[in-house]
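To start, the structure itself, in structure tokens.
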Amino acid sequence: MIKYRFTDMKKACIISAFLFWGILFFLGLGGNQILAAVFPRELLPEYTDPVFYGAFLIASLIVFRKPFLSAVEDLKKNWQKHILWTEIFALISFVLMVASSIVLEVFGAEKSINETAWDIAIAEYGILQILVVCVSGPVVEEVFYRGILLEALRGKENRLARNIAAVIISSVIFAFSHVSLIHFTVGDLLANIPVLMAGLAYSALYCKTGNILCTILVHMVINIIGVL
């Protein structure tokens, strides 16, 4: 049983969530153009995401060290059960994402703007972007979308109806955060349905195990497969 949860640290959750989604929204609306007035324009595409996710990774590990240590202890005690569910939901995530991608391709949907941007960034900047996609990104996103948002929506009653609603709402927000705000189109919104499917699986896994390390592991595995 997890002794400390992220939402037990209410002030830290509110402040960090405000900063995380505020900066994410700022960058999504073309914040790089403002930053270009201060920093060399040629460096922004290469370093914006590594700095953003790297900073929040370090801050999350420091600020939320108790929930992370509690998750480690829980994983040690219940590793067989947690690993089993992690493997099951990793497979579910993969199947749902592949199936939804195939359906979208059949109907002629284009690749999402976010995915296209990541492909270009990985091709041009290599290891830095790969580390963001496969390491810091999954950790930070799981902290904010599952550890904080999903947990806050679930509450402490642990009622089935509320859990289902929390899973759906947090997954929709997770998927929408991958949609381009500055170049928003319905096509791009639909192209992120695989992200929604993954979010549903990650959220369900978190509800099942209550352990953020399980969802981080699955998220990393799925992203690594995507990169490969």
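The values are calculated or read from the model by the stated rules, or taken from the named source; none is laboratory data. Since the structure is predicted, the reported quantities are computational estimates derived from the model, not experimental observations. Counting neighbours? That spans all protein chains shown, and the Cβs are built from the backbone with ideal geometry, glycine included. What goes into the accessible areas is simple: the full protein's heavy atoms, side chains included, and nothing from ligands, DNA or RNA. Shrake-Rupley method; radii C 1.70, N 1.55, O 1.52, S 1.80 Å.
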*Residues in the range 155-162: is at least one under 27 Å from Val103 (Cα atoms), modelled with pLDDT of 90 or more and in contact with a helix residue (DSSP H, G or I) (Cβ under 8 Å, 6 or more places away or on another chain)?*
no
*Exactly one condition in (1) open to solvent by 10 Å² or more (accessible area, probe 1.4 Å); (2) over 21 Å from Val95 (Cβ atoms); (3) under 14 Å from the mean Cα position of the chain (by Cα) is not met by Val221; state its number.*
(2)
*Go over the candidates Trp79, Trp118 one by one and state the one that is open to solvent by 60 Å² or more (accessible area, probe 1.4 Å), within 20 Å of Met220 (Cα to Cα) and among the hydrophobic types (A, V, I, L, M, F, W, C).*
Trp79
*Does the range 160-177 include one or more residues that are within 20 Å of Phe94 (Cβ to Cβ), buried (at least 21 other Cβ atoms within 10 Å of the Cβ) and touching a residue at least 40 places away in the same chain (Cβ under 8 Å)?*
yes
*Say we look at the range 121-155 and pick out the residues that are without any contact (Cβ under 8 Å) to a residue 60 or more places away in the chain and on the phi < 0 side of the Ramachandran plot; which of these is most open to solvent (accessible area, probe 1.4 Å)?*
Ile127
*Out of all the residues in the range 64-71, is one or more touching a residue at least 12 places away in the same chain (Cβ under 8 Å) and open to solvent by 60 Å² or more (accessible area, probe 1.4 Å)?*
yes
